[in-house]
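Inspection log for the structure reproduced underneath, given as structure tokens.
The numbers here are math on the coordinates, done by the rules we state, and not lab data. Keep in mind it's a predicted model, so treat the numbers as computed, not measured. When we count neighbours, we look across all protein chains shown, and the Cβ atoms used for this are built from the backbone with ideal geometry, even at glycine.
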Amino acid sequence: MSDPQKALTTQLSNIERRTGKTLEELKTFIHASGLTKHSEVRDMLKQELGLGFGDANTLAHVARQAEGGAPGSAAGSGEVLDTLYSGPKAALRPIHEILMARLAAFGDFDIVPKKTYVSLRRRKQFAMIGPATNTRVEAGINMSALPPSARLEALPPKGMCNFRVKLTSPAEVDDELIDWLKLAYDAAG
């Protein structure tokens, strides 16, 4: 399935069907658990609802995102995104949200809000995501070597990231980009 938003919608629909609960009921269930860490919520969903890792992970991310958080994020990161994606950049937010939903499948990581982007970290930063202009989001990838691609722009040495990918539509959040980010995520572990 090439459309990431359609894939996410299908996955959430399948979760609703399997659990017999609507997405809103599932979000309420998660909130009522009192759990705050992404991994705890994911594990609770696996145990209590019998979900597999991928479904539980995605549902935990979507529920936390709805509350203004994300895996490992500090409270209020939703406000940071509201600021980053305001005015003429507001139309770019779906790119960011779809990318974060795909990254949630990797496992736990910290989201560190900055003034113009969010830093994604494990033991070290593995990526940066933010609106670079009014028409594009940039994903910085902190990985010393990646397979050559016309989409990858090498950045100067000793910078915050080694590569950059420019995104102008949600459809560009594809498997190729996710594979590069997964390599960086694993290396930052």
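What are the ³J(HN,Hα) couplings of the range 117-129, residue after residue, when phi is run through the Karplus curve with 6.51, -1.76, 1.60 and θ = phi - 60°? Round to Hz, x for glycine and proline.
Per residue, the Karplus-derived 3J(HN,Hα) values read 6, 10, 9, 10, 9, 10, 6, 9, 5, 10, 7, 9, 9 Hz.
Quick one: dipole size for the range 4-66, taken about the Cα centre, charges +1 on Lys/Arg Cβ and -1 on Asp/Glu Cβ, in debye to the nearest 20.
140 debye
Please list 3J(HN,Hα) in residue order for the range 26-42, calculated via the Karplus relation 6.51 cos²θ - 1.76 cosθ + 1.60 where θ = phi - 60°; whole Hz, with x for glycine and proline.
5, 5, 5, 4, 5, 4, 5, 5, x, 6, 10, 7, 3, 5, 5, 5, 4
Nearest 20 debye, what's the magnitude of the dipole of the range 89-187 about its Cα centre given +1 on Lys and Arg Cβ and -1 on Asp and Glu Cβ?
It comes to approximately 500 debye.
What do you get for the angle between helix 53-66 and the principal long axis of the chain? Use alpha-carbon atoms, 0 to 90 degrees, nearest ten.
80 degrees
How far apart, in nm, are the 7 Å Cα→Cβ label points at E24 and E48?
1.9 nm
Work out how much length E40 to D174 would gain on full extension: take 0.36 nm times their residue separation and subtract the Cα-Cα distance, in nm to one decimal.
45.4 nm
Counting trypsin sites (Lys or Arg not before Pro) as exposed when in a DSSP loop with at most 11 other beta carbons within 10 Å, what is the longest stretch of the chain free of them?
My reading of the result: 1-114 is the longest stretch.
Would you list E97, E16, E24 from fewest to most Cβ contacts within 10 Å?
Listing E97, E16, E24 from fewest to most nearby Cβ atoms yields E24, E16, E97.
Bin width 10 Å, origin at 0, all Cα-Cα pairs of the chain: what percent of pairs per bin?
Taking all Cα pairs of the chain, the binned fractions are 9, 37, 37, 15, 2, 0 percent.
For the pair K6 and T135, how long in nm is the line joining their label points, each one 7 Å along Cα→Cβ?
Each label point is offset 7 Å from its Cα along the Cβ direction, giving 2.6 nm.
Can you give me the long-range amide H partners of M143? Hydrogens built in the peptide plane at 1.01 Å from N, cutoff under 5 Å, separation of 5 or more residues or another chain.
Hits under the 5 Å cutoff: N162, F163.
Most mobile of G34, G107, G54 per a Gaussian network model of the chain (Cα springs, under 10 Å)?
G34
Rounded to the nearest 20 Debye, what is the dipole magnitude of the chain about its Cα centre when Lys and Arg each give +1 and Asp and Glu each give -1 at the C-beta?
Using only the charged Cβ atoms, the result is roughly 480 debye.
Which whole-Hz couplings ³J(HN,Hα) result when phi for each residue of the range 15-22 is put into the Karplus expression 6.51 cos²θ - 1.76 cosθ + 1.60, θ = phi - 60°, listed in order with x for Gly and Pro?
Once rounded to whole Hz, the list reads 5, 4, 4, 5, 8, x, 10, 6.
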